[in-house]
Amino acid sequence: DVHYQVIGDSGARTLWVVFVIMAIASALFAGWSLKVAVSNRLYHVITTVITIIAAISYFAMATGQGVSVKTTVIHHHHEHGVPDTTTTIHRQVFWARYVDWLFTTPLLLLDLGILAGLSGAHILMAIIADVVMIVVGLMASFGTENTPQKWGNFAISMLAFLVVIWHLALNGRTAVRNVSQNVANFYMAIAGFTVVVWTAYPVVWGVTAGGHLSIDGEIIAYAILDVLAKVVFGAWLLVTHAKLPETNVEL
Ligand code: RET
């Protein structure tokens, strides 16, 4: 038998809603940047670009672009004269997300790295590990179900993710202590939030790969995470930056 796993009404509506949220957030963040001196707009620029990229990616997905259909054939072996049968699953894979993440996750790390006062070398290493995580994660998404290929790529991507967390949690914490106590407290809160939200992505991915989530369920889960990781994160960062002059950086 043949199964089609494709987007439904709630998934389609969710893609449009997140597109609108990202577009509004982009306009607000860009507007806020006009209220601060040009020399002090680095976080605004980075944070606005993040939501603009997300808006573009959601627009693409909402209008049916950035999506491919992945076919999985499962063989059932029968004995005693019963003929072998197969189950074929055609499932949509929204790869536009990975293009979004490829650009936005390094920018989010740049926001956090600058906030913590991390060295250029540490920021670069975190970003390279992050790019490996996303590209290999894309490989895993298109890998053949239940094979060492798919789960091997997942494991490599998870290792790269651990390197990213290492930089945020250990190097970031060490660096930010030399900035100021207020900035250190804020960094620990927003970096902690980031680690929790980001960790949910491989969880959603694993539940999806395990066949336990419909396309619409997957879209809604990632939609919630994307709004937390980009919009809530960005608003929190920019509002706190306005209140804490020690977070100022000139680059
Ligand atoms: C994948 C699957 C393979 C294993 C791992 C993953 C991690 C993804 C992450 C994504 C974060 C995205 C954000 C987007 C929007 O702002 C690729 C799901 C580790 C951490 C923060």
For the stretch 7-35, how many residues meet the condition of being open to solvent by less than 40 Å² (accessible area, probe 1.4 Å) and not in a helix (DSSP H, G or I)? 1
When ASP130 is run through (1) without any contact (Cβ under 8 Å) to a residue 40 or more places away in the chain; (2) buried (at least 21 other Cβ atoms within 10 Å of the Cβ); (3) not in a helix (DSSP H, G or I), the failure sits at (3)
Between a first residue in the stretch 190-206 that is in contact (Cβ under 8 Å) with a residue 12 or more places away in the chain and a second residue that is near the ligand (Cβ under 8 Å from one of its atoms) and among the small types (Gly, Ala, Ser), which pairs have beta carbons less than 6 Å apart while being 6 or more apart in sequence or on different chains? VAL197/ALA229
Restricting to the stretch 62-84, name every residue that is part of a loop (DSSP other than H, G, I, E, B) and either at pLDDT below 90 or open to solvent by 40 Å² or more (accessible area, probe 1.4 Å) (or both). THR63, GLY64, GLN65, HIS77, HIS78, GLU79, HIS80, GLY81, VAL82, PRO83, ASP84
Exception for HIS212 within (1) of a type outside the set (Lys, Arg); (2) open to solvent by 60 Å² or more (accessible area, probe 1.4 Å); (3) at pLDDT 95 or above falls at (3)
Quick check on PHE59: is it within 16 Å of the ligand (Cβ to nearest atom), in a helix (DSSP H, G or I), over 15 Å from the mean Cα position of the chain (by Cα) and crowded, with 20+ Cβ neighbours inside 10 Å? no
Qualifying residue in the stretch 85-107 (condition: touching a helix residue (DSSP H, G or I) at 6+ places or on another chain (Cβ under 7 Å), touching a residue at least 24 places away in the same chain (Cβ under 8 Å), more than 15 Å from the ligand (Cβ to nearest atom) and open to solvent by 60 Å² or more (accessible area, probe 1.4 Å)): no
Would you check if there is a residue in the stretch 218-238 being outside any helix (DSSP H, G or I) and of a type in the set (Ser, Thr, Tyr)? no
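The values are calculated or read from the model by the stated rules, or taken from the named source; none is laboratory data. The structure presented is a predicted model; accordingly, all values stated were derived computationally and were not measured. FYI the Cβ positions are ideal-geometry reconstructions off the backbone, even for glycines, and counts take in every protein chain you see. Surface accessibility is based on the protein's heavy atoms, side chains included, excluding ligands, DNA and RNA. Shrake-Rupley method; radii C 1.70, N 1.55, O 1.52, S 1.80 Å.
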